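One structure is given below, encoded as structure tokens.
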Amino acid sequence: QVQLVESGGGLVQPGGSLRLSCTASGSTYRIFVMGWYRQAPGKQRELVATLTKGGSTNYSDFVKGRFTISRDNFITTVYLQMNNLKPEDTAIYSCNVKTSSAYGPSDYWGQGTQVTVSS
């Protein structure tokens, strides 16, 4: 099993920046994907960015050029650097990790952290 602890959310003005962090514990050696998703009130959860164990990244079009996903050397912490934030970025951001074992893949989610972009 994997446990996730997130931090970094908060209130920021349009054009500002935030960095979200997600630290994993437990069976971290089985992680092969780490990423971020978000969900705004009345909207469906959507992909923000993912990062594989091999270093491949995937970004949603609405954050390309503004957000950057990264990790530490031991693949236990994933970051989301958020620049030039817009009001439409307001959402609950959740950390997600995927693990793989002989028993198949598993998904784990953090508790979510609120990001509010407002003047």
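Observations on the model:
- Take the convex hull of the alpha carbons in the chain; its mean projected area over all directions comes to 7.2 nm².
- Estimated from the Cβ-Cβ distance and a Förster radius of 41 angstrom, the FRET efficiency linking PHE74 and ALA40 is about 0.80.
- Calculated over segment 4-55: convex hull of Cα atoms, volume per residue (Å³): 116 Å³
Computed from the coordinates by the stated procedures, all read-outs in this text should not be read as laboratory data. What you are looking at is a predicted structure, and each value in this text was computed from that prediction instead of being measured. For neighbour counting, all protein chains shown are included, and Cβ atoms are generated from backbone atoms with ideal geometry for every residue, glycine included.
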